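The values are calculated or read from the model by the stated rules, or taken from the named source; none is laboratory data. This one's a predicted model, so the numbers in the text were calculated from it and none came from an experiment. Reconstructed Cβ throughout: ideal geometry from the backbone, glycine too, with neighbour counts over all protein chains shown.
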Amino acid sequence: MFNNAGRKIMSIVQIVFWILLILGVIMIILGIAMLAEARSSYYSTGIEGAVGWALILGGGVMILVSYVQCLFYAAFAQLTENVQRMEGSLQRLSGSSQGAQPAPFGPPVCPSCGTQLKNGAAFCPNCGTKVN
Ligand SMILES: [Zn+2]
């Protein structure tokens, strides 16, 4: 139920994104076309008309830029999530392998037979192996 609602919101966001993208493209094309028209027939359109179409062109560019930024942000967020998930599994991997090894700061043991050694012992009391 919650998943369905989330999916619905996502599709609405996607639709809004598409509308914004199309709107931005239309505004840019219209702005460029009307600016060219205003330049070719300067006296009929007037400077106010040219400024208006330039504003529309700028608005379209801004919409497209923010759209691309949103896309990049979404891709970046996805990438960050993936990296974090990878790091988490790596940490779990190294953690499990560390658990299998003897503790690095535990009491010293003989490398040959595994008997616990007294601190500073030069030889293993069980098998006589020289230890450092
Ligand atoms: Zn030993």
message: Among the residues in segment 99-112, are any at pLDDT below 85 and in a helix (DSSP H, G or I)?
response: yes
- request: Considering only segment 116-132, state which residues are exposed (fewer than 13 other Cβ atoms within 10 Å of the Cβ) and within 8 Å of the ligand (Cβ to nearest atom).
  value: 125, 127, 128
